[in-house]
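Here the structure comes first, spelled out in structure tokens, and everything after it is commentary.
No lab work stands behind these numbers, since they all come straight from the coordinates. Everything quoted here is computed from the prediction, not taken from an experiment. A quick note on method: Cβ atoms are made from the backbone with ideal geometry, for glycine too, and the neighbour counts reach across all protein chains shown.
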Amino acid sequence: MSSVDFNKLLVNNSEFLKPFAITLTKDNDTAQDLYQETLYRALVNSDKYTVGTNVKAWLYTIMRNIFINNYRRKARQNTIFDSTPNDLLLNHNQAAVANAAEGTLKLKDIQAAIHALPEIFRNPFLLYFDGYKYHEIADMLKEPLGTIKSRIHFARKLLKAEIERF
């Protein structure tokens, strides 16, 4: 396909992108930037377009990917690098205050919930929690691997239901 034909195809099928850009961004100026970036990328990558395929779907995909990449880029910009010896990533939006009393109560509740599990679920779960792999637990308990996986799954499910009460 010649570049003139591709440009005509692009112009004829680009108007539907504007409402989609507004839907994604919820802002007219940002939507216009996204629209222009999409058309630019389509022109730059015109050689990647396969003649006969749905050009609208191709343009939608380009726009969606640009939007997602911009969103992720903004999220990373809100994260700063802490240059302390631990080299941790910190997020500006999260602020937590340690509450030892609440943490201790929750830990006791979790331990009580684990020990309240039926033994058939508790033993594989505790081994898995201690860091053993599924196949190691299966060998220790002399049970099939699938059985161990399902018991650990059900133990998690029971614990989740129990802990949500707190």
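Annotations
- Charge dipole (Cα centre; +1 on Lys/Arg Cβ, -1 on Asp/Glu Cβ; no other charges) of region 3-80 amounts to roughly 340 debye.
- Among 164, 37, 136, sorting on how many other beta-carbon atoms sit within 10 Å of each Cβ, with the fewest leading, yields 164, 136, 37.
- Order of 40, 60 - criterion: other Cβ atoms within 10 Å of each residue's Cβ, fewest first: 40, 60
- When 50, 147 are sorted by how many other C-beta atoms sit within 10 angstrom of their C-beta, beginning with the fewest, the order is 50, 147.
- Of 8/74; 106/160; 74/106, those spanning more than 24 Å from alpha-carbon to alpha-carbon: 8/74; 74/106
- Spin-label model, residue 33 to residue 57: label points 7 Å out along the Cα-to-beta-carbon direction sit 3.1 nm apart.
- Positive-end residue of 12, 51, 62, charge dipole of region 3-80 with Cβ unit charges: 62
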